[in-house]
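Laboratory data are not the source of any read-out in this text; all were calculated from the coordinates shown. Small disclaimer: the values here were computed from a predicted structure and weren't measured. Cβ coordinates were reconstructed from backbone atoms using ideal geometry, including for glycine residues, and neighbour counts include every protein chain displayed.
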Amino acid sequence: MNLFSLIGDFSVFFFRSLFISWKIKTTKWRILEQVYHIGIGSLPIIIVIAIFTGLVSIVQTSYQLIGTVPRYILGTTLGRMVMIELGPILTALMVSGRCASSMAAEIGTMRVTEQIDALEVMAIDPYRFLNLPRIIGIFIALPILTVISEFVALICGAVYAHYFLDVPFSVFNYGLTHYFYAKDFFGGLIKSLFFALVIAASGCYFGFKVKGGAKEVGKAATYAVVTASILILVLDFLVALVIFG
Amino acid sequence: MIEVKNVSKKFDSLIVLDNVSFSVGDARLIVILGPSGTGKTVLLKAILGLTPVDSGEVLFDGKSIQAIDESEIYEIRKNIGFVFQGTALFDSMNVLDNIALPIVEHTSASTSEVKDKVVQILEIIGMSGKEKLYPRSLSGGMKRLVAVGRALALDPKYLFYDEPTTGLDPIMRDRVVNLIIDLKKKYAKSGIVVTHDLDTAKAVGDEIYMLKKGKISKVRQIRKEVYNG
Ligand SMILES: Nc1ncnc2c1ncn2[C@@H]1O[C@H](COP(=O)(O)OP(=O)(O)O)[C@@H](O)[C@H]1O
Ligand SMILES: [Mg+2]
């Protein structure tokens, strides 16, 4: 398949998964299950990543800025970095590594063991049954995870600044809040919504298209993560152009 | 009544079904006999509209599935239970949820009604008390039985069995064969049994067809020679 037909096929697959009758009565439980599975499952790793993101950023920023600008700028810069870029991107990449691959593997296994055919035979639309809850589930979970990771990263940055850089909480907080633009925070969140869609779509797509056996399932998991990661970075650029450009 | 009319299907240059015609009447079991790799599974999937055919048509009570859209095919499929060759049980769900799924999805039955229905089905298939087990902890034969149970969930008029006895020990095979016969006699389930096992064919079939090199032909008397030659 060439690149253009792949993109076409991928888009058709994505819209076919969303624009169907939702049958919310039974689907809502499947969505909640995914929110739980993705959200709670990813939380520990997201927090670990956020702690170190906060620490690394504050060290780097202070190295570049201290002595040249007022110290509260540390809070401003860290806040912007984390909210616009680091929080959404790192969270999405982590969740992509965990979830795009597991979605592709799970759905791919269902494909090769004919469980997807079984759904079809029972007159249950597999797009609604498998894809929709994953797409919506991650659409809800990822922004929440992103906010949590931003919060953790900022706290860690502030604590480090307070104890090791001689920038008290009050000064850091002044820099963070006084120059806070809602656009920064919500722009980051809008990005994470787009990221959520590509993670779920890649995971489901490559799982659905598996033909063969265990080896192909493994490959599908890899393709799903690679595709999702690339799309995340491309979208990051495009959304940045629109919102901040 | 299911009528298969002049159905042909090929994959690239491999002709799998060549002008296949037959019909399934009420409360009758049609056996399709044939060695592995002749296209028996493809035929069943073609009848369900899972695999598109190159030419010919399949009629359910006079309605051609080639002429209707997906939502109507879904409606027709609710009248058919399909027992997959590899069972295709949902491995993330226990026996109860596997059988309950079609009921939950397609009816407005309450949780307790669904449970009652599943218990009833488990009784029919001889698996009472196994609700909480997951497919991975069931033997091959028990999985087959549960797969039959899941196919029964919506009380379909037809049941399709894809190699229901392949790979089972003799005792389990008898159990499955007896279940298939029972379902026809007591519950008036018609259907198609695809198999390459002569004994199963003889035991369950009201009519037996032979599928070979894409051609289907009616078998009047089974002899080993027919099968091998
Ligand atoms: N999707 C497919 N693409 C290409 N060839 C297929 C496909 N499905 C089945 N076949 C081929 O069709 C033939 C019949 O397959 P099948 O119906 O599974 O045989 P069986 O009678 O054992 O059930 C086999 O040779 C198989 O390789
Ligand atoms: Mg087969």
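Of the residues A:Ile31, A:Ile136, A:Ile199, the one with the fewest other Cβ atoms within 10 Å heads the list, and the complete ranking is A:Ile31, A:Ile136, A:Ile199.
Between the residues A:Gly54, A:Ile243, A:Ser192, the greatest Cα displacement towards the positive end of the dipole of the range A:43-243, with unit charges on the Cβ of Lys, Arg, Asp and Glu, is found for A:Ile243. What is the list of residues in the range B:55-92 whose amide nitrogen lies under 16 Å from a point 7 angstrom out from the Cα of B:Asp155, following Cα to Cβ? Counting backbone N atoms under 16 Å from the label point, the list is B:78-81.
The average projected area of the protein assembly as shown, computed from the convex hull of its Cα atoms over all directions, is 27.0 nm².
Electrostatic tally near A:Val35: other residues with Cβ closer than 14 Å to its Cβ, Lys and Arg +1, Asp and Glu -1, net +2. Name the residue farthest towards the positive end of the dipole of the range B:73-125 from the options B:Val83, B:Thr107, B:Leu96, assuming +1 on Cβ of Lys and Arg, -1 on Cβ of Asp and Glu, about the Cα centre. So the residue we want is B:Val83. Angle of helix A:24-65 to the longest C-alpha principal axis of chain A, folded into 0 to 90 degrees and rounded to 10: 30°. Of the residues B:Asp26, B:Asp162, B:Asp12, the one that moves most in a GNM of chain B with alpha-carbon contacts below 10 Å is B:Asp12.
Its residue count N sets the reference 2.2 N^0.38 Å, and the alpha-carbon radius of gyration of chain B equals 1.00 times that reference.
For A:Val234 and A:Thr26, the FRET efficiency from 1/(1 + (r/R0)^6), where r spans their Cβ atoms and R0 equals 56 Å, is about 0.95. Among residues other than B:Ile181 with Cβ under 14 Å from its Cβ, the summed charge is +4 (Lys and Arg +1, Asp and Glu -1).
Each of A:Glu150, A:Glu33 was scored by other Cβ atoms within 10 Å of its Cβ. Listed from fewest to most, they are A:Glu33, A:Glu150. Counting Cβ atoms of other protein chains within 10 Å of each residue's Cβ and taking the mean over peptide A:108-117 gives 4.
Its relative contact order, with pairs defined as Cα atoms under 8 Å and 6+ residues apart, puts chain B at 30 percent.
Roughly what angle does helix A:3-18 make with the longest principal axis of chain A, taking Cα atoms, 0 to 90 degrees, to the nearest 10? Roughly 90 degrees, rounded to the nearest 10.
For a quick check, take a GNM of chain A with Cα springs below 10 Å and name the residue from A:Leu235, A:Leu65, A:Leu189 with the largest mean-square fluctuation. With Cα springs under 10 Å in chain A, the top fluctuation among A:Leu235, A:Leu65, A:Leu189 is at A:Leu65.
Placing pseudo-labels 7 Å out from each Cα toward the beta carbon at B:Leu14 and A:Ile47 gives an inter-label distance of 5.3 nm. Can you give the FRET efficiency to the nearest 0.05 for B:Ser217 and B:Met93, using r as the Cβ-Cβ distance and R₀ = 45 Å? According to the calculation, E is roughly 0.65. Each of A:Pro70, A:Leu90, A:Leu176 was placed along the dipole of chain A (beta-carbon charges, centred on the mean Cα), and the one lying farthest toward the positive end is A:Leu90.
Just so you know, the averaged projected area of the alpha carbon convex hull for chain A sits at 14.9 nm².
Just want to confirm a number: the relative contact order over chain A, from Cα pairs under 8 angstrom separated by 6+ residues, in percent. Over chain A, the number comes to 34 percent. Comparing A:Ser170, A:Ser96, A:Ser42 in a Gaussian network model of chain A where C-alpha atoms under 10 Å apart are linked, the largest mean-square fluctuation is found at A:Ser170. Once the Cα atoms are used to define both axes, helix A:169-178 deviates from the longest principal axis of chain A by about 60 degrees. A simple count of charges around B:Lys45, restricted to other residues whose Cβ falls under 11 Å of its Cβ and scoring Lys, Arg +1 and Asp, Glu -1, yields -2. Counting only the Cα atoms, the range A:131-207 fills a convex hull of 89 Å³ per residue. List residues of the range B:15-41, by number, whose backbone nitrogen lies under 19 Å from a label position 7 Å along Cα→C-beta of B:Lys186. Backbone N within reach: B:27-29.
Where does the protein assembly as shown land at 222 nm, in deg cm²/dmol rounded to the nearest 500, when only DSSP H runs of n ≥ 4 count, each adding -39500 (n - 2.57), divided by all residues? After summing the helix terms and dividing by the residues of the protein assembly as shown, the value is -19500 deg cm²/dmol. Calculated translational diffusion coefficient of the range A:1-58 (20 °C, 1.002 mPa s; Stokes-Einstein with Kirkwood radius over alpha-carbon pairs) equals 143 µm²/s.
Counting only Cβ charges, +1 for Lys and Arg and -1 for Asp and Glu, the dipole size of the range A:43-243 around its Cα centre is about 160 debye.
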